[in-house]
Amino acid sequence: MKKIIWVFAALFVLSGCMKAIESATGIQITQNTNPVMELEMDLVFLDELAALTKLNQIILERVPISLDDPWPSILNDYSAKPREGEAARYEAYKDCLSRLLKQDFVFYSVYDPGQYFKVLSGNATGVQALLAQGLIAARNTLIMDAAEEMGRKYEHGKWVISYYPLGCKCMFYSQRFEHLAAGSGECRQFGDRADCPFFSRPTEDMLYEYLLEKGGLDAWEDLKISPDCLRVVEGETLGPFKTVYYTLFPDHIRDEAAGVDADLEATETEFKSVQERLKEKDLSSAEESRLEKEEEALEAALEELIVVQKKLYEIALSTLEPTPEKIAIAKKLLEITRFITEGFDEISTAMFALTVKMTDDMIVFSQMGSVQINEGSVSLANKGVSSQPMPQKRASLLNKRLASLPVNYASVLGYAMSQKSLVSEYSDYLEAVAAMEEKLRNQ
């Protein structure tokens with residue numbers, strides 16, 4: 001039995017997981033899968049990841065920092081353990097975030113993943129069949145559980161930094177921070193604003209518009225957010241994260257370090273995108289050769305930038321100029337990097353599982369058209385997985401998403417990894433500055 005479990009566990013992490021399991025066992029697991037549902041699961045995870053990276057970008061580049069405003073702490077309060085007497089309010093807050101998630105992503109209003117996982121199980125019996133089905137169900141459950149939690153964290157962060165006062169969208173659970181009650185007279189003074197689409201339009205609608213019509217992920221990440229759409233920050237504002245971060249550097253390398261980091265971030269994103277595109281099937285020889293040359297050039301550029309960045313950071317670390325104010329600023333900024341880093345850490349395993357899953361799915365997706373999408377949609381409705389057959393408009397959108405899925409998948413994943421890497425660099429330096437507090441105390 002242990003040997004069988006080990007074989008299945010090994011197969012689980014290999015590319016083409018379902019096909020590998022079917023080949024090893026002779027059990028046709030994929031006969032119960034529905035390509036429409038598999039596509040919808042892939043898309044909702046990727047779309048939420050794209051939304052989260054945009055939220056992180058807004059946090060890093062737009063929302064002002066103030067030593068008097070607790071918004072960075074509020075970001076992390078969602079992941080904190082509720083204090084005594086807060087458990088019920090915390091669950092109510094999460095339920096409210098889940099309702100907001102349904103408004104932003106249609107998937108959660110239409111589909112029942114749990115029912116679909118039951119359909120996947122079918123009527124197969126036997127130890128090998130149950131293990132195989134268990135691994136597939138575990139993979140899909142892992143992805144969807146991570147997507148739902150990522151979605152709630154996105155909603156939490158989105159409304160913490162928005163022009164809506166804290167608590168107006170969802171009654172905040174913790175008494176650690178001042179907040180209003182949802183539905184209160186003060187909250188009724190605030191409503192959806194057409195000039196703040198990131199906060200007033202369903203995220204999925206905006207993503208589809210940008211990914212399909214307005215230039216892809218780059219255009220989405222370039223979406224401008226008016227200062228009037230963001231939180232009114234209390235106290236003296238020091239500027240957004242990136243601006244404030246470089247004020248902690250020694251004067252003589254501050255501007256150079258900021259420029260190198262910006263170049264590195266952009267180059268890493270492009271490099272990851274090219275790497276993922278090289279994994280696509282059916283590339284022409286000319287396109288593959290072009291991408292390989294581009295990958296080689298980007299890799300060389302990355303290596304050069306990393307060397308320069310490392311040298312600048314070493315200089316900065318060797319010439320730390322700690323003051324009580326700089327330490328306070330570093331600790332405030334660390335709260336922001338913690339929110340972003342933990343967000344990626346929480347979904348990293350699911351991101352890997354999705355990459356494996358997409359390897360299986362791409363083969364099926366390449367054969368799908370409007371007829372297959374319609375048939376799959378009707379089947380999901382008949383089996384109670386979806387509340388209704390897919391409307392024609394959404395079916396048309398899915399057809400368009402299929403055509404651009406490989407490129408968007410590579411872009412989203414590459415951008416997320418680049419952002420995670422850069423934030424880790426920020427955290428390392430901020431922790432070094434914050435650690436000087438003890439040294440100052442002992443002077």
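The values are calculated or read from the model by the stated rules, or taken from the named source; none is laboratory data. Not measured: the values here are computed from a predicted model. Glycine also receives a Cβ, built like all others from the backbone with ideal geometry; neighbour counts cover every protein chain displayed. These area figures cover heavy atoms from the full protein model, side chains too; ligands, DNA and RNA do not enter into them. Shrake-Rupley method; radii C 1.70, N 1.55, O 1.52, S 1.80 Å.
Near Glu303: Cβ cut-off under 12 Å, other residues only, Lys/Arg at +1 and Asp/Glu at -1. The net charge is -3. Computed over every Cα-Cα pair of the stretch 308-383 and binned at 5 Å starting from 0, the pair-distance distribution P(r) comes out as 3, 11, 9, 10, 13, 10, 8, 7, 6, 6, 6, 6, 4, 1 percent.
Mind scanning Lys293/Lys357; Lys281/Lys420; Lys102/Lys153; Lys242/Lys311; Lys153/Lys400; Lys158/Lys357 and naming the pairs with a C-alpha gap bigger than 22 Å?
Working: Lys293/Lys357 28 Å; Lys281/Lys420 27 Å; Lys102/Lys153 13 Å; Lys242/Lys311 20 Å; Lys153/Lys400 28 Å; Lys158/Lys357 29 Å.
Over 22 Å apart, Cα to Cα: Lys293/Lys357; Lys281/Lys420; Lys153/Lys400; Lys158/Lys357.
Computed with a 1.4 Å probe over protein heavy atoms only, the accessible area of Val356 comes to about 10 Å². For the stretch 165-313, the convex hull drawn through the C-alpha positions has a volume of 190 cubic angstrom per residue. Rounded to the nearest 10 degrees, the inclination of helix 324-365 to the longest alpha-carbon principal axis of the chain is 10 degrees. Once all protein chains are placed together, Val308 keeps about 60 Å² accessible to a 1.4 angstrom probe.
In the neighborhood of Gly114, defined by Cβ-to-Cβ distances under 13 Å, what is the net charge if each Lys or Arg adds +1 and each Asp or Glu adds -1? Present the calculation step by step, with values, prior to reporting the outcome.
Values: positive: Lys118, Lys383; negative: Asp112, Asp145, Glu148.
For residues surrounding Gly114, the net value is -1.
Per residue, the average separation of C-alpha pairs within less than 8 Å and at least 6 apart gives the stretch 177-229 a relative contact order of 27 percent.
Normalised by the number of residues in the stretch 336-443, the average gap of Cα pairs under 8 Å and 6 or more apart makes the relative contact order 37 percent. Tell me the label-point distance for the pair Ala266, Asp205, using the 7 Å Cα-to-Cβ offset, in nm and rounded to one decimal. Each label point is offset 7 Å from its Cα along the Cβ direction, giving 3.3 nm.
Residues of the chain: accessible area per residue at 1.4 Å, in Å²? Mind dumping the intermediate values first?
On the way: 20440 Å² over 443 residues.
Ligands and nucleic acids excluded, the result is 46 Å² per residue.
Using a probe of 1.4 Å, the accessible surface attributed to Thr243 totals some 80 Å² when neighbouring protein chains are kept in position. Using only Cα coordinates, the Kirkwood hydrodynamic radius of the stretch 379-443 works out to 16.6 Å.
For the stretch 228-330, the relative contact order is 38 percent, taking Cα pairs closer than 8 Å that sit 6 or more residues apart in sequence and dividing their mean separation by the residue count.
Each helix, a run of at least 4 DSSP H residues, gives -39500 (n - 2.57); summed and divided by the residues of the chain, these come to -23500 deg cm²/dmol at 222 nm. Counting only alpha carbon atoms, the long axis of helix 370-382 and the longest principal axis of the chain meet at about 90°. Distances between every pair of Cα atoms in the stretch 265-326, grouped in 10 Å steps from 0 to the bin holding the largest one, split as 19, 33, 21, 15, 9, 3 percent. Largest first, the three principal axis extents of the alpha carbons in the chain are 71, 58, 49 Å in whole numbers. Report the residue, chosen from Lys281, Lys158, Lys400, that carries the largest GNM mean-square fluctuation when the chain is represented by alpha-carbon nodes joined by springs under 10 Å. Of the options given, Lys281 has the highest mean-square fluctuation.
Computed from Cα positions, the angle between helix 127-160 and the longest principal axis of the chain comes to roughly 30 degrees.
Placing dummy labels 7 Å off each Cα toward the beta-carbon, the span from Ala138 to Ser404 is 3.7 nm.
In the chain, what percent of the accessible surface is made up of carbon and sulfur (1.4 Å probe, ligands and nucleic acids excluded)? Intermediate results must be reported in sequence, preceding the final value.
Numbers: 10700 of 20440 Å².
Summing carbon and sulfur atoms, their accessible area is 52 percent of the total for the chain.
Could you state the orientation-averaged shadow area of the convex hull built on the Cα atoms of the stretch 292-443, in nm² to one decimal? Can you show the working numbers first?
Values: hull surface 56.4 nm².
Result: 14.1 nm².
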